[in-house]
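Novice: One structure coming up, written as structure tokens, with questions to follow.
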Amino acid sequence: MFEVHDAEEGGYFARAPGHSIFTQAESWDELRANVLEVTSLHFEESAVRPHCVQLHYTRDELLPVEATLPFPT
């Protein structure tokens, strides 16, 4: 599984927890291609290779609750 996040400078970055696999891209399609490439390279000499790769897109957003909800006094 790859955790995918928005990159601060635009595009995406992805990393595979538990493995030293990381990549980035400007578009989602480019990211998918990069993930497949780095996964193939990482497991190139391994006897056990993944059959599929999961991309888990995470987007963090902070919402200030105090500014939007009235609280009883």
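Novice: His51 label point, 7 Å along Cα→Cβ, cut-off 18 Å on backbone N: hits in segment 1-15?
Specialist: 1-2
Novice: Evaluate 2.2 N^0.38 Å with N set to the residue count of the chain, then give the Cα radius of gyration divided by it.
Specialist: Working: Rg = 17.6 Å, N = 73, 2.2 N^0.38 = 11.2 Å.
Here the answer is 1.56, to two decimals.
Novice: By how many degrees, between 0 and 90 and to the nearest 10, does the Cα long axis of helix 28-42 differ from the longest principal axis of the chain?
Specialist: For 28-42 against the chain, the angle is about 50 degrees.
Novice: List the longest stretch of the chain that has no exposed loop site; here a site is one of the GluC sites (Glu not before Pro) assigned by DSSP to anything other than H, G, I, E or B, with at most 14 other Cβ within 10 Å. Before the final figure, lay out each step's value.
Specialist: Details: sites that count: Glu8, Glu9, Glu26, Glu44, Glu45, Glu61.
Free of exposed loop sites, the longest segment is 27-43.
Novice: Between the DSSP loop rule and a limit of at most 16 other Cβ atoms within 10 Å, which chymotrypsin sites (Phe, Trp or Tyr not before Pro) in the chain are left?
Specialist: Phe43
Coordinate-derived values only; no laboratory data. Predicted model, so just to flag it, every value in this text is computed and none were measured. FYI the Cβ positions are ideal-geometry reconstructions off the backbone, even for glycines, and counts take in every protein chain you see.
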